[in-house]
């Protein structure tokens, strides 16, 4: 594995967030100052195709990346776009139920929850309170 890919993987494993390519680029550049944004993008795609990371394409937002390639679900804030892991077990039984019930060959599924993060929930509550005052 190349130094660039190792560095990208290392940085992803050190973060609890689900950063976009630009955020990853800024962190990688601190260790590899001569790396280009295009190189980071290409390596993220390769790492995702290798199954070492997940590429998240959630609800029309920018692509984000997750160091954990194991099946799990995500929650996305509809206001700020923050992404977090959903603390539930994968619903593999759904795939089993579809087997034979459709002409499709089921190879997986994606599930995304939407809501408001704590910060945006608080801001929304304050906005509603201000409306009620007027």
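Since every read-out is calculated from the coordinates, none of them should be taken as a lab result. The structure presented is a predicted model; accordingly, all values stated were derived computationally and were not measured. Note: ideal-geometry Cβ built from the backbone for every residue, glycine included; neighbour counts use all protein chains shown.
Mean separation of Cα pairs under 8 Å and 6 or more residues apart, divided by the residue count, gives the range 1-132 a relative contact order of 20 percent. The helix-based estimate of mean residue ellipticity at 222 nm for the chain, built from -39,500 (n - 2.57) per DSSP H run of four or more residues and divided by its residue count, is -13500 deg cm²/dmol to the nearest 500. Length gained on full extension, residue 36 to residue 10, computed as 0.36 nm times the residue gap minus the Cα-Cα distance: 7.6 nm.
The orientation-averaged projected area of the convex hull spanned by the Cα atoms of the range 1-69 comes to 4.3 nm². Taking other Cβ atoms within 10 Å as a rough exposure proxy, 28, 103 sort from fewest to most as 103, 28.
Each peptide in 41-51, 74-84 gets a packing score, the mean of other Cβ atoms within 10 Å over its residues, and the list from highest to lowest is 74-84, 41-51.
Could you tell me which label, among (i) 51, 33, 20; (ii) 59, 50, 22; (iii) 54, 39, 26, carries the value of Cα extents along the principal axes in Å calculated for this structure? Checked against the structure: label (ii).
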